[in-house]
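For reference, the structure discussed in these notes is given below.
The values are calculated or read from the model by the stated rules, or taken from the named source; none is laboratory data. Keep in mind that this is a model prediction, so the values were computed, not measured. All Cβ positions, glycine included, derive from the backbone under ideal geometry; neighbour counts span all protein chains shown.
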Amino acid sequence: MLSRLLTALSLISLILVVLYLQSAWLFTILICFVCILALYEWIANNFKNKLFGFFLIFNFGFWSIFLILGWESYFDNDIGSPLVMSFFLYGIIILNTALFDTFAYIIGSNFGKTYIVKKISPNKTLEGLVGGLFSSIILGSLIGLSLVPKNYWIIVIFILGGLSAFFGDLLISFFKRQTGVKDTGTILPGHGGILDRIDSHLLATPLLIIILFLLVSL
């Protein structure tokens, strides 16, 4: 438990430092490093559909970097600094997925009784899913009512982000179940591998970024 907590605090600190420094190239290097490690774990664990794994991880990395480096072309310059806004938006996207994971785990662990896909992931419960979606609704409401007044559609977008986080987690659980591994690696003490940490983000992050760019382009 202590190692898990220390690892979590270290990861959170690293993310906060990168977001605070707002260095596009430092962010790009970090994302590339994470994606390379994730792809290595996919291959090392002998997961099937290696081409799919490459696409999944590349898609996450591409859209993450594209948000930071490409936002300036889409952003209304009279609102503020494009780089600051892009880092802020990425932070919100990561926060939504992290809160979903946390609430789903807490609610599922304490109140979960209705298993969704027990053969693939025995710890996934309907109660946990609802708890995770509740956090997305709360965060979406706060953003929608304070930063973007009366834009309630943001809540729907955050819910979609929560659902895609759930399916991303489930997807990696499916591949782990196929090969009989509990964790994809040991690089993160108490947490497992890189894939174990970014599984929820693999689908959620690209989806929310794509929706974001589509909305701005309208």
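Kindly indicate whether any position in segment 82-90 is surrounded by 15 or more Cβ atoms within 10 Å (Cβ to Cβ), modelled with pLDDT under 85, out of contact with any strand residue (DSSP E or B) (no Cβ under 8 Å at 6 or more places or on another chain) and outside any helix (DSSP H, G or I). Taking every residue of segment 82-90 in turn, none turns out to be surrounded by 15 or more Cβ atoms within 10 Å (Cβ to Cβ), modelled with pLDDT under 85, out of contact with any strand residue (DSSP E or B) (no Cβ under 8 Å at 6 or more places or on another chain) and outside any helix (DSSP H, G or I). Can you tell me which residue is surrounded by the fewest Cβ atoms within 10 Å (Cβ to Cβ) among those in segment 192-218 that are closer than 12 Å to ALA38 by Cβ and within 9 Å of the chain's Cα centre (by Cα)? Going through the qualifying residues, I end up with ARG197. For GLY140, the test of being modelled with pLDDT of 90 or more and part of a helix (DSSP H, G or I) is failed. For PRO149, state whether it is over 18 Å from the mean Cα position of the chain (by Cα), modelled with pLDDT under 85, under 20 Å from GLY91 (Cα atoms) and not in a helix (DSSP H, G or I). Against the criterion (over 18 Å from the mean Cα position of the chain (by Cα), modelled with pLDDT under 85, under 20 Å from GLY91 (Cα atoms) and not in a helix (DSSP H, G or I)), PRO149 qualifies.
Looking at segment 173-218 only, could you name the residues that are of a type in the set (Val, Ile, Thr), part of a helix (DSSP H, G or I) and farther than 20 Å from SER136 by Cβ?
Within segment 173-218, the subset of a type in the set (Val, Ile, Thr) is 179, 181, 184, 186-187, 194, 198, 205, 209-211, 216.
Going one step further and asking which of them are part of a helix (DSSP H, G or I), we end up with 179, 194, 198, 205, 209-211, 216.
Hits for segment 173-218 are THR179, ILE194, VAL216.
Would you mind stating whether THR28 is surrounded by 21 or more Cβ atoms within 10 Å (Cβ to Cβ), outside any loop (DSSP other than H, G, I, E, B) and in contact with a helix residue (DSSP H, G or I) (Cβ under 6 Å, 6 or more places away or on another chain)? In short, no. Of all residues in segment 99-129, those being touching a residue at least 40 places away in the same chain (Cβ under 8 Å), exposed (fewer than 15 other Cβ atoms within 10 Å of the Cβ) and closer than 21 Å to LEU160 by Cα number 1.
Only residues that are more than 15 Å from GLY53 (Cβ to Cβ) and among the aliphatic types (A, V, I, L, M): list them for segment 195-218, please. Correct list: ALA204, LEU207, LEU208, ILE209, ILE210, ILE211, LEU212, LEU214, LEU215, VAL216, LEU218.
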